[in-house]
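S.K.: One structure is given below, represented as structure tokens, and several questions about it will come after.
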Amino acid sequence: MPFAITLHMLAAVIWVGGMFFAYIALRPAAGGLLEPPLRLRLWSRVFSRFFPWVWLAVLILLASGFWMIVGPLGGMARAGMPVHLMMTLGIAMMLIFMHIYFGPTRRLTRAVAADDWAAGAKALDRIRVLILANLILGLLVVCIAGAGRYL
């Protein structure tokens with residue numbers, strides 16, 4: 001169990017922390033310093049480097065989470081409400097991420113390659129909204145993980 005929890009927490013920290021950094025620090029800095037073409041190129045490269053880590057985090061979260069539920073926690077019927085909430089929110093986050101990855105991120109990549117800055121800006125704005133939603137859900141999951149045993 002300690003190994004699974006450690007992997008689970010590291011995966012969550014990488015994903016949620018990455019979103020927090022991107023949204024709270026990188027986005028305002030890039031928006032204030034870079035012209036749209038450079039900013040869109042930056043984000044396209046950032047996502048191409050960060051999203052493989054998110055995919056790895058998703059796999060680790062699913063594997064370690066289900067292993068802990070089926071193993072040490074004794075199944076879904078015995079898992080407490082915090083576990084059910086974390087799993088529900090986590091799966092919602094994964095679905096949102098998959099939408100980001102297969103939808104607007106691909107549109108952003110194509111737009112940047114074609115120097116279509118209007119389409120790139122539209123795709124990036126959609127990504128921004130969806131990452132904010134995922135960041136809020138991720139922070140909620142972190143709070144549940146930290147306080148869950150006291151609920």
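S.K.: Among Val83, Val54, which is aliphatic (A, V, I, L, M), surrounded by 15 or more Cβ atoms within 10 Å (Cβ to Cβ) and either at positive phi or touching a residue at least 60 places away in the same chain (Cβ under 8 Å) (or both)?
M.R.: Going through Val83, Val54 in turn, the sole match is Val83.
S.K.: Same structure again: Would you call Ile24 touching a residue at least 24 places away in the same chain (Cβ under 8 Å), part of a helix (DSSP H, G or I) and under 18 Å from Leu135 (Cβ atoms)? Spell out how you get there, then give the answer.
M.R.: Details: touching a residue at least 24 places away in the same chain (Cβ under 8 Å): no; part of a helix (DSSP H, G or I): yes; under 18 Å from Leu135 (Cβ atoms): yes.
Criteria not met by Ile24.
S.K.: Take the residues in the stretch 59-75 that are touching a residue at least 60 places away in the same chain (Cβ under 8 Å) and under 21 Å from Ala92 (Cβ atoms), then tell me which one is nearest to the chain's Cα centre (by Cα). Can you show your working first?
M.R.: Of the stretch 59-75, the ones touching a residue at least 60 places away in the same chain (Cβ under 8 Å) are 64, 67-68, 71-72.
From the residues that got through so far, the ones that are under 21 Å from Ala92 (Cβ atoms) too are 64, 67-68.
Working: Ser64: 17, Trp67: 21, Met68: 21 Å.
Step by step, filter the stretch 59-75, then rank; the result is Ser64.
S.K.: If you don't mind, there's one more thing I want to ask. Taking the options Arg78, Arg45, Arg49, name whichever one is without any contact (Cβ under 8 Å) to a residue 40 or more places away in the chain, among the charged types (D, E, K, R), surrounded by fewer than 16 Cβ atoms within 10 Å (Cβ to Cβ) and closer than 22 Å to Tyr150 by Cα.
M.R.: Values: Arg45 fails: closer than 22 Å to Tyr150 by Cα; Arg49 fails: closer than 22 Å to Tyr150 by Cα.
After applying the criteria, what remains is Arg78.
S.K.: Now for a separate question. Could you look through the stretch 122-132, keep only residues that are of a type in the set (A, V, I, L, M) and loosely packed, with under 15 Cβ neighbours inside 10 Å, and pick out the one that is farthest from the chain's Cα centre (by Cα)?
M.R.: Keep residues of the stretch 122-132 that are of a type in the set (A, V, I, L, M), which gives 123-124, 127, 129-132.
Keeping just the survivors that are loosely packed, with under 15 Cβ neighbours inside 10 Å gives 129, 132.
Values: Val129: 12, Leu132: 9 Å.
Filtering the stretch 122-132 for residues that are of a type in the set (A, V, I, L, M) and loosely packed, with under 15 Cβ neighbours inside 10 Å, the one farthest from the chain's Cα centre (by Cα) comes out as Val129.
S.K.: Further question: Take the conditions in a helix (DSSP H, G or I), in contact with a Ser or Thr (Cβ under 9 Å, 6 or more places away or on another chain) and not hydroxyl-bearing (Ser, Thr, Tyr) and apply them to Phe66. Does it pass?
M.R.: Working: in a helix (DSSP H, G or I): yes; in contact with a Ser or Thr (Cβ under 9 Å, 6 or more places away or on another chain): no; not hydroxyl-bearing (Ser, Thr, Tyr): yes.
No; evaluated as a whole, the condition is false for this residue.
S.K.: Identify, please: which residue in the stretch 86-115 is among the hydroxyl-bearing types (Ser, Thr, Tyr) and touching a residue at least 40 places away in the same chain (Cβ under 8 Å) and is, among those, surrounded by the fewest Cβ atoms within 10 Å (Cβ to Cβ)? Quick ask: steps written out before the conclusion?
M.R.: From the stretch 86-115, those among the hydroxyl-bearing types (Ser, Thr, Tyr) are 88, 101, 105, 109; that's our starting set.
Now restrict to residues that are touching a residue at least 40 places away in the same chain (Cβ under 8 Å): 101, 105, 109.
Values: Tyr101: 16, Thr105: 22, Thr109: 18.
It comes out as Tyr101.
S.K.: Okay, next question. Applying the selection to the stretch 98-119, what residues are more than 18 Å from the chain's Cα centre (by Cα) and closer than 15 Å to Arg45 by Cβ?
M.R.: Taking the stretch 98-119 first, the residues more than 18 Å from the chain's Cα centre (by Cα) are 107, 109-119.
Residues satisfying the conditions are Thr109, Arg110, Ala111, Val112, Ala113.
S.K.: Sticking with this structure for a sec: Given (1) among the aromatic types (Phe, Trp, Tyr); (2) closer than 26 Å to Val13 by Cβ; (3) more than 20 Å from the chain's Cα centre (by Cα), identify the lone condition not met by Phe47.
M.R.: Single failed check for Phe47: (3).
S.K.: Quick check on the stretch 133-148. Is at least one of its residues of a type in the set (A, V, I, L, M, F, W, C), part of a loop (DSSP other than H, G, I, E, B) and closer than 23 Å to Pro2 by Cβ?
M.R.: As a first pass, look at the stretch 133-148 and keep what is of a type in the set (A, V, I, L, M, F, W, C): 133, 135-137, 139-145, 147.
Applying the additional criterion that residues be part of a loop (DSSP other than H, G, I, E, B) yields none.
The answer is no, given that none of the residues of the stretch 133-148 is of a type in the set (A, V, I, L, M, F, W, C), part of a loop (DSSP other than H, G, I, E, B) and closer than 23 Å to Pro2 by Cβ.
FYI, it's all coordinate maths here, none of it is from the lab. If you're wondering where the values come from, they're calculated on a predicted model, not measured in any experiment. Cβ: placed from backbone, ideal geometry, glycine included. Neighbour counts: every protein chain shown.
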